[in-house]
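Student: Please see the structure below; I have some questions.
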Amino acid sequence: MIGKATSLKVLVVDDEPAIRRFLRTSLSTQGYEVTEAENGSRALDMLRRNPADILVLDLGLPDINGLEIIDQVRGQGWSLPIIVLSSRTDETGKVDALDRGADDYVTKPFGIDELLARLRAALRHRLQQEGEPPVFRCGDLAVDLVRRNVTLAGRDVKLTPREYDLLRLFVSQAGKVLTHRFILREVWGGEGDVQYLRVYVRALRNKIEPHPEQPRYILTEQGVGYRMRAPD
Amino acid sequence: MDERLPLERRPSPDALLREAAQEARGHLKVFLGAAPGVGKTYEMLQAAQAKRRDGIDVVIGIVETHGRRETEALLAGLETMPRRQVDYRGHQLGEMDLDAVLARRPQLVLVDELAHTNVPGSRHPKRYMDVEELLGAGIDVYTTLNIQHVESLNDVVARITRIRVRETVPDSIVDRADEIEIVDLTPDDLIQRLKEGKVYVPAQAERAVRHYFQPGNLTALRELALRRTAQRVDAQMVDYMRAHAIAGPWAAGERVLVGVNQDPSCPAVVRYARRLADRLQAPWTAIHIETAQTQRLTSVERDRIAESLRLAERLGGEALTVPGPNVVDGMLEYARANNSTHLVIAKSHRPRWSEWLRGSVTHQLIRQAGDISVHVIAARPDTSENHAPAVRTAAERPRLGKPDAYLASAGFVAVALVIGILLQQFLSIANVALVFLTAVLTSAAAYGLLPSLFACLLSVLTYNFFFLPPLYTFTIADPENVVALFFFAVVAVIVSNMAARVRAQAITAQQRAHTTEELYLFARKLAGSAILDDLLWATAFQIASMLKANVVLLLPEEGTVAVRAAYPPEDILDAADLAAAKWAWENNRPAGRGADTLPGAKRLFLPMRTGSGPVGIIGLDSERPGPLLTPDQRRLLNALADQAALAIERIGLAQNLERARLAAETENLRAALLTSISHDLRTPLAAVLGAATSLRNYRRQLDDAAQDELIATIQEEGERLNRFIANLLDMTRLEAGAVQPRSDVMDVADIVGSALGRAGKVLARHRVVVDLADDMPLLKLDPVLFEQVLFNLLDNAAKYAPERSEIRLTATRDGQIVRLQVIDEGPGVPPEDLERIFDKFYRVQAADNRRVGTGLGLAICRGFVEAMGGAIIAGNRADRSGAVFTITLPVPSDREAVKDIAA
C-alpha cells in the first residue's frame, strides 16, 4: 500500500523516550522513515531544514505548547498532515487542535493499528492521487460520487440534497475525524448550530445504517465530531 | 404665648441666621448609605463628574476605591490631591492633605468616609473636623457616610447588628448638611454584591461581616437610613418655611409624652399617642416609670412593657425607661423637663374601691399637670396578645411606694383610733390597746419594718393622747398606765419585727423563685441553640440583664483568648484587660478588678468551668462604683456561668464527635483506596511484566500460539490498567468538584451508539440488545460524561453476568422523564447492597469470592449522572435473576425542544 519508490517521512514529536522508541520501531516496520524530536523548537527547526510528509505531535511538550506548534506550522504555509497525540482528559484540547489545523488525533494510550489507520486516512489523498475510484465502498454501502447515487446492499437509498452533501463530505474525508464546526462550514456555509447537524446525522443514519443505534459507517467521536469509516 | 403670635408670619430670626450661616459656608452634601458596599463612593464620583461637566472646579481630597474597577474608572478627569504620607508606628499611612486642599481652594472637594479617624498627629483627630474646616473656608464638600456611624444611632445599630462601631460622626454634622442623598440598595442585592466580592471587607473583620450582612440587619439599617433622611427632609422643609414666613403645620413647640405600663391596652394607647403627635406635627416619647412597684411585676407584664416601648420606637417615637418615686411624679418631672405639652395615659380598669383606697394615678396626674393637657384614653386591650393569666404570688401583690407606706400606716392607726373610741364604751382601756396592736401588725405585714415601727410610735402617742388620763395630753397620771404603755410599746415593736421578717422572707422567696425561673428559662434557651455565636450572645445578654453589668465573653483562640460576644456590644479589650483575661484563662482563676491578680484591669474576669476544665472567660464591669458583685450576685453569676460552660462544652463535643466521625470515615476510605490501588494497579502490571519478560528471555523456546497468548495478555492487561486509571482520574475530578458538565442537546441514540462502539471489546462475549423507544426526545447532556456512564454500566454488566448471556439496553419516555436501563442476566445485586454499590470502593463479592470490579465505576456513574441533573438507582429483575440499573433524566422544557425542532 505504501509507495515503494520513496518511503514517507514521519516526524515524531514527543518528550517521552518510551513513546518515541515504540513509534520508531513500529512505524519503521511499516515502511515509514521516522525522524524524532523531543521538544517543539527542535521539531520546528527540523521541519524547516528537512520537510517531513506527516507530523505526529504530542500536545504536552516541555517547551512550546503543541497548539502553538500547529499554529506555527500552518502559519508557515506548510500543509503536511498533523496527527495529534492527546491525553484522554482534554476534549477541548483535541477540538482546539483540530480547529487550528490538525488533521486528526489519537488518544493516549493507543494501539499502533489505530495510529496507522489515522496516518493512512490523513495521507489518503497523497497516496491515491491519481485514479481515485469514483465509487466509495465500505461494507454494504456504496456511494457513486459521479452519478450521485447511494446504494445499500445493492438497493437505492433516497437522500435529500442536504443529506447527500453531508454524506459526500463524510465519504471524501473517510477515516478522518471531522469536527462539528468543519462540517457545518462545509455543508451549511457556517450557518446553523450543532443541533442542526445532529438532526441530519440521525436522519442519514436511519437511511444508511442497518442498526442506527449501533452505527457502522458514520461514527460519533463524542465531544468532537464524526468520523466516516474508511473504505474497504 | 400671645406675644409670639404676630411673629409667626415674619421670618423667624433663628431660621434666617441658620440660613445665612449656611450661605457663607461651603455646602455639604452627604451620600448616606445603610451599609458598606451600597455604592456611596461610586454615586459621589458620578455626581462629581456631573459637576465637572458643568464647569465646576472639582478635586478629590481623598477617595477610597478599594480597587473596584467601575469606581476607579470614575476617577478619570478628576484632579486628585496627593495624599499626605504619615508615618505611624512604622506604617506609611496616606491621609487627606488638608492644607493642600485649602491652598488649592477648589469649588468642590470630595472627601470619602466622613467617619474616618485620622492618624494620631494629624491636625484634627477626626475627618469630619477636616470637613468642617473646609466648609468654614467656603469650599463645598461631597462626602460619604454609613448610617451606623451617626452618633445618635450608634446604640441602635449596635443592638441590631451586635457590632459596636467606634468611629462616629456627631448628629450636628448630618443635621447641618445642606443635602443628603441616600444611596439605597435592597438587602438581597447587597448580599449578592458581597458574595461577588464587590464589597470591601478588611481581612480582620470576617466575623463581624458574617453578622453584619444578614438580611434582617440590613433591612433594619436601611430603614434607619431612610428614616433619618426623611426626618432631615422634614426639618429642612420646616426651616425653609420658617425662613420664608410660610405659615405651615410645623411643630409649634408641641411635645407628646405617653405613659407606658403593664396594662394590655397600652399598645393601643401608644398608637393613639403616635396619631396625636402626627396631627400636632410634634415629636413624641413613650415613657415607662420604673418604681419600686414595677420591680415586682411578673415577667409577662415586663414583656408587655418592653413590647409597648419597642412599638413606640417602631412608630418613630422615642422610648424611655426612667426611674421615679411613683408614676405621677416621674411622668410629670420628665414632662416638665422636656416641655411636653400633652400627656397620654390609659384609662384605669381598676374597680372604684381600689381607686378610693389607693388613689388614682389618673386623678393625681390631672390635678398636678398644670398647663399640660392630659389625654385619658379608653383603649381596648390588644387582641393580638394572648391573655395568659398573670400569675402572682401573695407577696407579689402591688404595693404602694414608700411615702405611701407611712401614709397608709398612719391611716391604719387612724382607723384603730376610731374603732377604739367606739369600743371604749364597752371595753376596758387595756383592751383598746389590742386594736392599735392590730393596726401595727397590719402595717408590718403590708409594708415591712420601718412603716410598722412608725405605726407603732404613732399608736403609742395616739393611745396615750386619746385614752390614757389625763386625756388629750401626752402626760400619763397613773404609773400603772405607764407600765402598760411601756409593755404595749415592747409588744408592738416585737410583733412588727416578726411580721416584717416574715414579709422579708416572703419577698426573698419570691425573688429566689423569680431567679430560679430565669435560670430555668436560660437553661432552656441554651439547650435550644446549636450555634456557638448565638449561645454566647444569649449568655452575655442574660448575665448582663440579671446582674446589671457589662459583659464580655472570651473563648480560647490560637493560644490566647479573644472576645466572641459581649453585651452591650464590644469587640476589643485594652491591653490590661486582655492580660487579665489571659491570666484568668491560663490559671483557671479570677483576675482583674476586685481580684487578687491584676486588679488594675477595668473588668473582672472569671473562668467558665466544666468538670473537664475551663471553656471560656467572662469579663464583667459596671459603671457603678464599689464592689462589682454582691455575694448573692456572685452566686447567681456562678450558676449562669456553669450553665453556659456546659452548653459551650456540649457544642464543642458535638463538633469533636463530628470531626472524629469524619476522620474515621476518611481513614476507612483511605484504607480502601490503598487496597484498591495496590491491587488494581499491580495485578495488570504483574501480568504485563511477566508476559514481557517471558517473551524477551524465552522467545525462541515459545511456539507461535504461546507467543500470541503472552502478547494478548500484555495488551489486555494494559487496557485494563488504562480503564482503571481512567476511573481514578474521573473519580478525582468528581471529588475535586472539577466536573462541570456541558449541557448539549443530544440524541440519546447517538451516545448509546458510541458507548457500544467503545465497549465492543468488553462486550464481545455477551449478546447485546438495544431497544430505544421511537419517541425519544433530545436531552440536555454532556455527551462525553454520559458515554462514560453508559460504558461503565455495560462494563459492569459484562463483569458480573455470565458469558453468552444477554445484556439489554433500553430507553423509554414517561412524560417529562426519560428512563434508560441496563439489564443483565447475572446474579443480581444483594438487596442490602443496592444503595451501597454506588459508594466509592464498594464491591459486591463475585460468586467465586473474586473481586472483579474496581469499586469506582458505579460511583462515577452516580457522580456524573447527578452532575447532569439526573438520577441513577440499582435494582433487581422481577422475572429472573439479574441486575437493573436505571438512569432517569428530565426532558428539557418545551421551549428548548421547540428551538431544537426549528433548528
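The values are calculated or read from the model by the stated rules, or taken from the named source; none is laboratory data. These figures come from a predicted structure and were not determined experimentally. We place every Cβ from the backbone using ideal geometry, glycine too, and count neighbours over all the protein chains shown. Surface areas here come from the heavy atoms of the whole protein model, side chains and all, with no ligands, DNA or RNA. Shrake-Rupley method; radii C 1.70, N 1.55, O 1.52, S 1.80 Å.
Student: Of B:LYS29/B:LYS51; A:LYS108/B:LYS840; B:LYS761/B:LYS840; B:LYS761/B:LYS799, which sit over 18 Å apart, Cα to Cα?
Tutor: On the way: B:LYS29/B:LYS51 13 Å; A:LYS108/B:LYS840 26 Å; B:LYS761/B:LYS840 25 Å; B:LYS761/B:LYS799 12 Å.
Pairs exceeding 18 Å: A:LYS108/B:LYS840; B:LYS761/B:LYS840.
Student: Using a 10 Å cut-off around each Cβ of peptide B:741-753, what is the average number of partner chain Cβ atoms that fall inside?
Tutor: Numbers: counts 0, 3, 0, 5, 4, 5, 9, 1, 8, 11, 3, 4, 12.
That works out to 5 on average.
Student: Rounding to the nearest 10 and keeping the result within 0 to 90°, find how far the Cα-based axis of helix B:327-337 lies from the longest principal axis of chain B.
Tutor: Helix B:327-337 sits roughly 90 degrees off the main axis of chain B.
Student: Please get the size of the charge dipole for the protein assembly as shown, origin at its Cα centre, with Cβ charges of +1 on Lys and Arg and -1 on Asp and Glu, quoted in debye to the nearest 20.
Tutor: That gives the protein assembly as shown a dipole magnitude of about 1340 debye.
Student: Turning to a different aspect of this structure: Could you give the angle, 0 to 90 degrees to the nearest 10, between helix A:40-49's Cα long axis and the longest principal axis of the Cα atoms of chain A?
Tutor: Once rounded, the angle reads 90 degrees.
Student: Here's a follow-up. Take peptide A:211-221, look around each residue's Cβ out to 10 angstrom, count Cβ atoms belonging to other protein chains, and average those counts.
Tutor: Numbers: counts 3, 6, 13, 11, 7, 2, 0, 2, 3, 12, 4.
Average neighbour count from other chains, rounded to a whole number: 6.
Student: Then there's this: For the charge dipole of segment B:433-562, defined by +1 on Lys and Arg C-beta atoms and -1 on Asp and Glu C-beta atoms about the Cα centroid, which residue among B:LEU461, B:ALA549, B:ALA504 has the Cα displaced farthest towards the positive pole?
Tutor: So the residue we want is B:LEU461.
Student: Can you tell me the orientation of helix B:631-698 relative to chain B, as the angle in degrees between its alpha-carbon axis and the longest Cα principal axis, to the nearest 10?
Tutor: On a 0 to 90 degree scale, this one is about 0.
Student: Rounded to the nearest 10 Å², what accessible area does A:TYR32 show when all protein chains are kept and the probe is 1.4 Å?
Tutor: 10 Å²
Student: For every helix of n ≥ 4 consecutive DSSP H residues, a contribution of -39,500 (n - 2.57) applies; sum these over chain B, divide by its total residues, and give [θ] at 222 nm rounded to the nearest 500 deg cm²/dmol.
Tutor: On the way: 27 runs with 452 residues, N = 903.
So the calculated ellipticity at 222 nm is -16500 deg cm²/dmol.
Student: What are the trypsin sites (Lys or Arg not before Pro) within segment B:781-825 that DSSP puts in a loop, where the Cβ has at most 10 other Cβ atoms within 10 Å?
Tutor: Numbers: sites: B:LYS799, B:ARG804, B:ARG808, B:ARG813, B:ARG819; in loops: B:ARG804.
Sparse-neighbourhood loop trypsin sites (Lys or Arg not before Pro): B:ARG804.
Student: Still on this model: Can you list which of the GluC sites (Glu not before Pro) found in segment B:617-669 are DSSP loop residues with at most 15 other C-beta atoms within 10 Å? Working shown, then result.
Tutor: Details: sites: B:GLU623, B:GLU649, B:GLU658, B:GLU665, B:GLU667; in loops: B:GLU623.
Passing sites in segment B:617-669 are B:GLU623.
Student: Moving to a separate point now. Okay, helix-only estimate at 222 nm for chain A: each DSSP H run of n ≥ 4 adds -39500 (n - 2.57), divide by all residues, round to 500 deg cm²/dmol; what do you get?
Tutor: Working: 8 runs with 94 residues, N = 232.
After summing the helix terms and dividing by the residues of chain A, the value is -12500 deg cm²/dmol.
Student: Label B:VAL376 and B:ASN339 with points 7 Å out from Cα along Cα→Cβ: what is the distance between them in nm?
Tutor: 2.9 nm
Student: Measuring from centroid to centroid over Cα atoms, what is the spacing of segment B:545-604 and segment B:454-479 in Å?
Tutor: Using only Cα atoms, the two centres lie 62 Å from each other.
Student: For segment B:256-385, what is the charge dipole size about the Cα centre, in debye to the nearest 20, if Lys and Arg each add +1 at the Cβ and Asp and Glu each add -1 at the Cβ?
Tutor: Values: 16 positive and 14 negative charges, 68 e Å.
Approximately 320 debye in magnitude.
Student: Please compute the volume of the convex hull spanned by the alpha-carbon atoms of chain B and report it per residue in Å³. Don't skip to the end; give the middle numbers.
Tutor: Details: hull volume 309.1 nm³, N = 903.
Spread over its residues, the Cα hull of chain B gives 342 Å³ apiece.
Student: Sequence gap at least 6, Cα distance under 8 Å: using those rules, report the relative contact order of segment A:9-127 to the nearest whole percent. Before the final figure, lay out the partial values.
Tutor: On the way: 178 pairs, mean separation 25.3, N = 119.
Relative contact order here is 21 percent.
Student: Here's another thing I want to ask about it. How big is the charge dipole of segment B:740-902 about its Cα centre, in debye rounded to the nearest 20, if each Lys and Arg gets +1 on its Cβ and each Asp and Glu gets -1 on its Cβ? List each step's numbers first, then the result.
Tutor: Values: 21 positive and 24 negative charges, 117 e Å.
Using Cβ point charges on Lys, Arg, Asp and Glu, segment B:740-902 gives about 560 debye.
Student: Excluding residues on the same chain fewer than 8 positions from A:LYS207, give the lysines whose Cα lies under 18 Å from its Cα.
Tutor: List returned: A:LYS158.
Student: Mean separation of Cα pairs under 8 Å and 6+ residues apart, divided by the residue count of chain B: what relative contact order is that in percent? It would help to have the intermediate numbers written out before the result.
Tutor: Numbers: 1354 pairs, mean separation 52.7, N = 903.
It comes to 6 percent, rounded to a whole number.
Student: Please list B:471-477, A:139-145 highest first by mean number of surrounding beta-carbon atoms within 10 Å per residue.
Tutor: Values: B:471-477: 10.4, A:139-145: 18.1.
With the highest mean Cβ count within 10 Å placed first, the list reads A:139-145, B:471-477.
Student: Here's another thing I want to ask about it. Farthest toward the dipole's positive end in segment A:135-228, which of A:LEU145, A:ILE218, A:ALA203, given Cβ charges of +1 (Lys, Arg) and -1 (Asp, Glu) about the Cα centre?
Tutor: Toward the positive end, the furthest listed residue is A:LEU145.
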